[in-house]
1. If you consider only alpha-carbon coordinates, what radius of gyration and Dmax does the range 64-181 have, in Å?
2. Assuming R0 = 30 Å, what is the FRET efficiency of ALA90 and LEU68, from their Cβ-Cβ distance, to the nearest 0.05?
3. What order do you get for 145-156, 35-46, 121-132 when each peptide is scored by the mean count of other beta carbon atoms within 10 Å, highest first?
4. What net charge is computed for the residues neighbouring THR93, neighbours being all others with C-beta under 15 Å from the C-beta of THR93, Lys and Arg scored +1, Asp and Glu -1?
5. Between GLN99 and ALA155, what length in nm is gained on full extension when 0.36 nm per residue of separation is reduced by their alpha carbon distance?
6. Between GLN144 and ASN45, with labels modelled 7 Å along Cα→Cβ, what's the label distance in nm to one decimal, could you check?
Amino acid sequence: MYKKLLLASAFSFALATSSFAEEAKAPVNSVAGSVGVVNVQLIMNSLPQAKAHAEALQKEFGPRSDELKKIEEQGKKLQEALKTQEGEKAIETQRKLQQLQSEFELKGRAFQEDVQKKEREIEMELQRIMQKAIDLVAKERGLQLVIRGEAIVFASDAVNISDEVIARASKIKLAKKEDKK
């Protein structure tokens, strides 16, 4: 009798396991078709809007960067000249050098703060564009879930929607800021 009970238990377990496995397969297959993966870094680096912003940053902040380089060069020349000077001339050169250093630090801090502020604004704008493109691609494909690919160990090319997002985001226009008066 013990053998019959053991055999019946094993048979019941086998049936339960096979039906559970069949039920588990169905949702996995349907879920796999409704998941997308994006490589955010790739998208952000590939957007033409990012390239346009980089050029605009260079155009806007290039002159200030050049000015800081000139101040730095003047400081180096004064330091070299100071090595050979003595007396009143050395004191005068030291004062000029200190003045240049103060000017460089002040302008350098302001420059860095302005660049960082502008970069944050640009990044936020690019993220809005990317998110809008992700939403559009996900809706078109009927995706239920889109995951950032940076944390994923493996994903097939079928679920990677990064190229589609780049293509869609490339067509989205940058938001124009209205002048506040």
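1. 25.9, 80
2. E between ALA90 and LEU68, to the nearest 0.05, is 0.70.
3. Working: 145-156: 11.3, 35-46: 18.2, 121-132: 15.6.
The densest-packed peptide leads the list: 35-46, 121-132, 145-156.
4. +2
5. 14.4 nm
6. 3.3
Laboratory data are not the source of any read-out in this text; all were calculated from the coordinates shown. No experiment lies behind these values; they were computed from the predicted model shown. Positions of Cβ are backbone-derived with ideal geometry, glycine not excepted, and every protein chain shown enters the neighbour counts.
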